[in-house]
Amino acid sequence: MILLTINDMSECLDFIMWGNIEFAMQLELYNAYQVRKAIAPAATGALAHSFTILDMSTLSQLQSMASGETLYIVGHGISDFSGIAIQRGTKPNWDVYTWSDLGKKIGRYLPAKIEAIHLLACYGAHGLKELGRGLSSSGKAGVKLRGYYGPAINSSATGPTSVIIDNKPGWSGEQDLLIGKYIPQSKLDSWRSSHSSAKAVDIAIEAADVAWDFYYQYGVKFESKGFFYAPSKRESKIYEQTS
């Protein structure tokens, strides 16, 4: 399962920062749940199997997780390591959760045994201890937790594994320049305005295509600038502990 740390996923327009758990998430964010099988994976970067996508209002569905299943938690890790957030709509409003509070909330519904919780968020490794405390306070100790030490990108456009950004000076400014140059959100908004009768699946596919194109250019630029860890080091930057 994938959990978006926003109360209502229909208010989430901030798709670009996680690109393509890719394509699966774009489809779910636009309420198109059953179409992935009709899309050619080689063309879209779609996952080979389906995910159930939840938001914070549907946490009770966590109770249906199987013992060998991993929960992926998606949002923007806050740079002071205090928690995780997702922007709501076009206004500067954010749903924000401390790691401990998030652990308490999901711990109420998690089955006794799941495979792991994997944080698809920047700086997630720094929140594992507090997330674990929250889980333990809800009676869910012993869950395997995984997260990234620094900023992270999850897109097939930048490689087959999660790419960890090396915290060298200048990377965030370069990212802003790329967003300004390729304006991915504006491209999607423009497409939607000229396709007012588009179905949810069509919007989702367009969102995934825009995201993939942006992250491809992102990857080319960041590789050339030396902002990515070498592929041989990327997996070692995933921190793991048990709650």
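The values are calculated or read from the model by the stated rules, or taken from the named source; none is laboratory data. Owing to the predicted nature of the structure, the values given are computational and were not obtained by experimental measurement. Cβ: placed from backbone, ideal geometry, glycine included. Neighbour counts: every protein chain shown. Heads up: the accessible areas ignore ligands, DNA and RNA and are worked out on the full protein's heavy atoms, side chains in. Shrake-Rupley method; radii C 1.70, N 1.55, O 1.52, S 1.80 Å.
Annotations for the structure displayed:
- Only one of Gly89, Gly77 that is at positive phi and either open to solvent by less than 20 Å² (accessible area, probe 1.4 Å) or modelled with pLDDT under 75 (or both): Gly89
- Scanning the stretch 115-141 for residues that are touching a strand residue (DSSP E or B) at 6+ places or on another chain (Cβ under 6 Å) and assigned to a loop (DSSP other than H, G, I, E, B), we see that the one that is farthest from Gly77 (Cα to Cα) is Glu115.
- Contact map, the stretch 181-192: residues that are at pLDDT 80 or above paired with residues that are charged (D, E, K, R) and surrounded by fewer than 18 Cβ atoms within 10 Å (Cβ to Cβ), Cβ distance under 8 Å, separation 6+ or inter-chain. Pairs shown: Tyr182/Asp213.
- The stretch 142-171: number of residues that are assigned to a loop (DSSP other than H, G, I, E, B), touching a Gly at 6+ places or on another chain (Cβ under 7 Å) and at pLDDT 85 or above: 0
- Those residues of the stretch 218-243 which are of a type in the set (S, T, N, Q), at pLDDT 75 or above, more than 20 Å from Pro169 (Cα to Cα) and open to solvent by 60 Å² or more (accessible area, probe 1.4 Å), in sequence order: Thr242
- Across the stretch 200-211, not a single residue is classified as of a type in the set (D, E, K, R) and open to solvent by 80 Å² or more (accessible area, probe 1.4 Å).
- Screening the candidates Asp101, Asp95 for the property of being modelled with pLDDT of 85 or more and part of a strand (DSSP E or B) yields one hit, Asp95.
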